[in-house]
Amino acid sequence: MLFDSCWEPNPHLGPQHPPIPGIHNSGWVQSPGKERLLNPAVEPELKAYVTGVVSAFANDDRVLAWDVWNEPDNQGRDLAQDLPAKVRRVNELLPRVFDWARSAHPRQPLTSGVWQGNWTDPQKESETTKIQLAQSDVMSFHNYDWPEIFEARIAELRSLGRPLICTEYMARGNGSTFDTILPIAKREHVAAINWGFVVGKTQTNLPWDSWTRPYVTEPPTVWFHEVFRADDSPYRQREIDLIRQLTGRGFPNPDVKPGKELSAP
């Protein structure tokens, strides 16, 4: 990921502020930050950053794809009053970022994940979404909804005729779980990358509503993201079994069709 419009709008050189107790992802910072994003004079620096990073890893097998800008029209934190100006500037820069990255001739495809709004009707798509859909070599998207909505989102993107990667999913309190989403993704041949792995400094086991109601005296009823506790034990063993079963990695009997071992409660 090269740029990101989520959360803290005022990053700075050096150590950032520590995580805020009880709040989801409170240390995440935008890139570029608010000041640099809205300042056209720093654009050559942004270009140099993109071309430099992509050039360095343009033939690296460890890089699956380049997500050039994460949720570019996200309002972030404490930036709602500047959102129109922010989105206008992002819409100016986003096509250039794709061009800058392509100028480095990467072997890997480029993408920017769509995450909100309508993805099927050009009359209803935002300008940001239009750029993302037009410029992405492979289509990536975010979805933290119930399985029927996840399926509908896949259907919306199928007509574009490009490989699909869900680069963010799995928010238990939203109905997006390994149990509900992964079987659909496998059936539909959609790659899926869940948010979170081990509970820690990001505090993304806490839900989004912690921004207005911090979980400082008690934990949430259900973890939002994350798979493992800090001691490496799974939050829910059944999830681990399902992932192993659907991927064929380390499951005791890979010849048994998915769903058989997990049919019992």
Report Rg/Rh for the range 1-121, rounded to two decimals, where Rg is the Cα radius of gyration and Rh the Kirkwood radius.
0.98
Taking the chain and dividing mean pair separation by its residue count, relative contact order in percent (alpha carbons under 8 Å, at least six apart)
17
How high is the relative contact order of the range 1-121, given as a whole-number percent (alpha carbon pairs under 8 Å, six or more residues apart)?
34
So which trypsin sites (Lys or Arg not before Pro) in the range 16-68 pass both tests, a DSSP loop state and at most 12 other Cβ atoms within 10 Å of the Cβ?
62
On full extension of the chain, what length is gained from residue 146 through residue 127, given 0.36 nm per residue of separation minus the C-alpha to C-alpha distance?
4.2 nm
Take the cross-link list 34/130; 124/201; 34/201; 86/201 and give me the ones stretching past 30 Å between alpha-carbons.
124/201
Taking 7 Å along the Cα-to-C-beta vector as the label spot, tell me the residue 174-residue 208 distance in nanometres, rounded to one decimal.
0.5
Taking a temperature of 37 °C and a viscosity of 0.692 mPa s, what whole-number D in µm²/s does Stokes-Einstein yield for the chain with Rh from Kirkwood over alpha carbon pairs?
163
Under 11 Å from a label point 7 Å along Cα→Cβ of residue 222: give me every residue in the range 178-211 with its amide N that close.
178-180
Say R0 is 41 Å: what FRET efficiency, to the nearest 0.05, do residue 230 and residue 43 get from their beta-carbon distance?
0.50
Grab the Cα-Cα distance for residue 55 and residue 240, subtract it from 0.36 nm times how many residues apart they are, and report the gain in nm with one decimal.
62.9 nm
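Rule-based calculations on the coordinates, nothing more; no lab input. Keep in mind that this is a model prediction, so the values were computed, not measured. Neighbour counts are summed over all protein chains in view; Cβ atoms, including those assigned to glycine, are modelled from backbone coordinates with ideal geometry.
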